1. What percentage of all Cα-Cα pairs in the chain are separated by more than 14 Å?
2. Given Cβ point charges of +1 (Lys, Arg) and -1 (Asp, Glu) and nothing else, what value in debye, to the nearest 20, does the dipole of the chain about its Cα centre take?
3. If we count every other residue with Cβ under 13 angstrom of Y63's Cβ, Lys/Arg +1 and Asp/Glu -1, where does the sum land?
4. Under DSSP H, which helices of the chain have Cα atoms covering 18 Å or more of the helix axis and a Kyte-Doolittle average no less than 0.5?
5. Quick check on my link table: of K11/K38; K19/K80; K20/K80; K16/K38; K11/K80; K42/K80, which ones sit more than 24 Å apart, alpha carbon to alpha carbon?
6. Positive end of the dipole of the chain, charges at C-beta (+1 Lys, Arg; -1 Asp, Glu), about the Cα centre: which of L39, S77, N26 has its Cα farthest in that direction?
7. When the accessible area of the chain is computed with all protein chains present and a 1.4 Å probe, what percentage of it is carbon and sulfur?
8. Relative contact order (percent) for the range 13-82, with alpha-carbon contacts under 8 angstrom and 6 or more residues of separation?
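The values are calculated or read from the model by the stated rules, or taken from the named source; none is laboratory data. Just so we're clear, the structure is a prediction, and the values are computed from it rather than from any experiment. Backbone-built Cβ (ideal geometry, glycine too); neighbour counts: all protein chains shown. SASA here: full protein model, heavy atoms, side chains in, ligands and nucleic acids out. Shrake-Rupley method; radii C 1.70, N 1.55, O 1.52, S 1.80 Å.
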Amino acid sequence: MMLDDISLFIKLYETKSFKKCSALLNVRPSTISRHIAKLEYKLGKLLIIRTTRTFEPTQYGTYIYNNLRNIPVFTESVLKSY
């Protein structure tokens, strides 16, 4: 689901590391990478520039993060309030 992939991207953006995000979510880095690649494909734009040593969000990735970063919190609050 795209919402899950967006939530994953938000967590990845905040940790700035596949390894840290992986440890935090108890998910393999390769799984995170596949989900981000799938999200990028759906959006038609790169969200991050991948290298073996660095993590760098693209301008579009920063735009998506800044505009959607509250979705996980909003979703959780809606589910709890019901």
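1. Working: 2057 of 3321 pairs.
Here the tail beyond 14 Å accounts for 62 percent of pairs.
2. Details: 13 positive and 6 negative charges, 57 e Å.
Once rounded to the nearest 20, the dipole reads 280 debye.
3. So the surrounding residues net to +2.
4. Details: long enough: 2-15 (20 Å, 0.56); 29-43 (21 Å, -0.39).
Answer set is 2-15.
5. Values: K11/K38 16 Å; K19/K80 30 Å; K20/K80 28 Å; K16/K38 19 Å; K11/K80 21 Å; K42/K80 29 Å.
Over 24 Å Cα-Cα: K19/K80; K20/K80; K42/K80.
6. Result: N26.
7. Numbers: 3410 of 5920 Å².
Summing carbon and sulfur atoms, their accessible area is 58 percent of the total for the chain.
8. On the way: 38 pairs, mean separation 15.1, N = 70.
Once normalised by length, the contact order is 22 percent.
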